[in-house]
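Just below is one structure, and these are the notes that go with it.
The values are calculated or read from the model by the stated rules, or taken from the named source; none is laboratory data. Please read these numbers as outputs of a predicted model, since none were measured by experiment. We place every Cβ from the backbone using ideal geometry, glycine too, and count neighbours over all the protein chains shown. Accessible surface areas use protein heavy atoms only, side chains included; no ligands, DNA or RNA. Shrake-Rupley method; radii C 1.70, N 1.55, O 1.52, S 1.80 Å.
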Amino acid sequence: MPAITNHMPTAELQRLDAAHHMHPFTHGNGLSAKGARVITRADGVWLNDSEGARILDAMAGLWCVNIGYGRHELAEAAERQMRELPYYNTFFQTTHVPAIALAARLAELAPGDLNHVFYAGSGSEANDTNIRIVRQYWAEKGKPSKRKIISRKNAYHGSTMGGASLGGMAGMHAQGGLPIPDIHYIDQPNWWAEGGEMTPEAFGLERARQLEAMINELGEENVAAFIAEPVQGAGGVIVAPDSYWPEVQRICDKYEILFIADEVICGFGRTGRWFGSETLGLRPDIMTIAKGLSSGYQPIGGSLLSDEVAAVISGHEFNHGYTYSGHPVACAVALENLRILDEEKIVERVAEDTGPYLREKWEALADHPLVGEAKIVGMMASLALTPDKSARAAFASSAGTVGFVCRDRCFANNLIMRHVGDRMIISPPLVISRDEIDILIERAWKSLDQCLQDLHEKGLFKAA
Ligand SMILES: *Cc1c(COP(=O)(O)O)cnc(C)c1O
């Protein structure tokens, strides 16, 4: 039985795709007019498309293929599990070995006393679960008024009604009647774009203290939780100034609120530790996990809860769950993924070898005339494109115009590097080798050079 593969000419696949397949976060007619690139297979950090191109995937799919493509061990784990027990639920006083084994393994890996997992099918679902959990937690503790959740502008927490509401993406809120009530937003710690004349340190403190000001404005008795990504991913790989997180943690400790670290991207080695909270010194009460948990080979997410939160939630029936909570095949694949990450010392490699190597090369990109700051934590990194470095100026064109030009050049050079507005971002598979990092950087330089030329030709190299 062959895989469902490229059995038609590319143009025909593109025609059928345009006719019947609606893409996420896409202007449908715009894509239909030019045709989607058809990806047919992948191994390691490399994608193949239907025209035979070999593309370096510096985004690890969507931040998720941490162990790289083509690991047959995960396919075999899935096959074994499908033959043994392809599905059973965990609602009706039943359980199964994959869900148990993965839960126990996650409790070992997670920092502090985050010893309990509530499974979901994705990061968005897990964040929906978190909304229910933090509100139910305070209700059980006799403080039902604590319902409000504080998040950050330009945060990404998923695309369900709850996840998109927790997120601070204006474009998402503009569609479908979002956000849901009782979510409040403070500003992001994006010094490059918003720091003005302040030093990064002073700016980091100022942004952290917005959390305290918001708690006081809403009333501590009304606030359930604060949610944040250790490093904002989809927002543009925004790395907070060093002063930011210690101050946020101090505030979370001082006030009676729960702290949710959304580790969907930062978890499972992305930052050079198992969890971003370890890299940044955070002590969350709840962690959202997904993506790298299974390296994207199966859809699975979850909420990791502290002993205290789990004990309170477990005191009564919790009227919540998903058909695929703890799906046995997804759990078996995630377990195999965690085994490989651990036994092949992939997280240590990011911390000690390939991470520092990428850092050196990435930070050198700041010498390019188009690049303002070059930021990197572990294996997630960003470039702020600018027409004037010293002024940290934005482009005169609407945000994203220049980023899109650069992204198109990367695409044409067989490098998947994304843009968020006018920031370029990468998040490669954690197994990327030094030689592959060299290729990544070479293609990035070339694409930046070509982009700069395009901007001059189009009259776009202009400050706002
Ligand atoms: C991707 C992402 C999510 C949503 O996960 P899905 O699996 O796409 O639902 C939530 N939080 C963060 C930080 C993410 O990057």
Net length gained if the chain between Lys143 and Ala174 were fully extended (0.36 nm per residue, minus Cα distance): 7.9 nm
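Would you please give the FRET efficiency between Glu194 and Leu85, computed as 1/(1 + (r/R0)^6) with r the Cβ-Cβ distance and R0 = 60 Å, to the nearest 0.05?
Numbers: r = 51 Å, r/R0 = 0.85.
With a Förster radius of 60 Å, E is 0.75.
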When segment 293-451 is reduced to its Cα atoms, the Kirkwood hydrodynamic radius in Å: 18.5
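What whole-number value in Å² describes the accessible area per residue of the chain for a 1.4 Å probe?
Values: 20000 Å² over 464 residues.
Per-residue value: 43 Å².
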Karplus-derived 3J(HN,Hα), 6.51/-1.76/1.60, for each residue of segment 180-186, Hz, glycine and proline x: 5, x, 6, 10, 10, 10, 9
Computed label-point distance, nm, for sites Ala213 and Glu363 using a 7 Å Cα→Cβ extension: 3.2
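Per-residue counts of other Cβ atoms within 10 Å, averaged by peptide: what ranking do you get for 311-323, 246-258, highest first? Before the final figure, lay out the partial values.
Details: 311-323: 13.1, 246-258: 17.8.
Ranked from most to least packed, the peptides come out as 246-258, 311-323.
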Cβ-derived FRET efficiency at R0 41 Å, Lys34 paired with Glu73, nearest 0.05: 0.65
Net charge over other residues, Cβ less than 10 angstrom from the Cβ of Lys146 (K, R count +1; D, E count -1): +2
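Restricting attention to segment 331-432, which GluC sites (Glu not before Pro) occupy a DSSP loop and are surrounded by at most 15 other Cβ atoms within 10 Å?
Those satisfying the criteria are Glu344.
Based on the Cα atoms of segment 243-309, what semi-axes does the equivalent ellipsoid have, where each is the square root of 5 times one gyration tensor eigenvalue, given in whole Å with the largest first? Intermediate results must be reported in sequence, preceding the final value.
Values: eigenvalues 107, 42, 11 Å².
The three semi-axes for segment 243-309 are 23, 14, 7 Å.
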Projected label distance in nm at Asn414 and Val97, using a 7 Å step from Cα toward the beta-carbon: 4.3
Segment 72-343, accessible surface, carbon-and-sulfur percent (1.4 angstrom probe): 53
Spin-label zone in segment 368-411 - amide nitrogen under 12 Å from a point set 7 Å from the Cα of Ala463 along the C-beta vector: 386-396
Anchor Lys146: lysines whose Cα lies under 21 Å away (excluding residues fewer than 8 positions away in-chain): Lys254
Sum of side-chain charges, Val347 neighbourhood, beta-carbon under 12 Å (Lys, Arg +1; Asp, Glu -1): -3
Label point at Glu344 placed 7 Å out along Cα→Cβ; residues across segment 43-85 whose backbone nitrogen lies under 11 Å: 44-45, 66-74
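Starting from segment 27-108, pick out the chymotrypsin sites (Phe, Trp or Tyr not before Pro) whose DSSP state is loop and whose Cβ has at most 12 other Cβ atoms within 10 Å.
Working: sites: Trp46, Trp63, Tyr69, Tyr87, Tyr88, Phe91, Phe92; in loops: Tyr87, Tyr88, Phe91, Phe92.
Of the chymotrypsin sites (Phe, Trp or Tyr not before Pro), the ones in loops of segment 27-108 whose Cβ has at most 12 other Cβ atoms within 10 Å are Tyr87, Phe91, Phe92.
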GluC sites (Glu not before Pro) restricted to DSSP loop in segment 146-227 with at most 15 other C-beta within 10 Å: Glu197
Cα radius of gyration and Dmax for the chain (Å): 22.1, 66
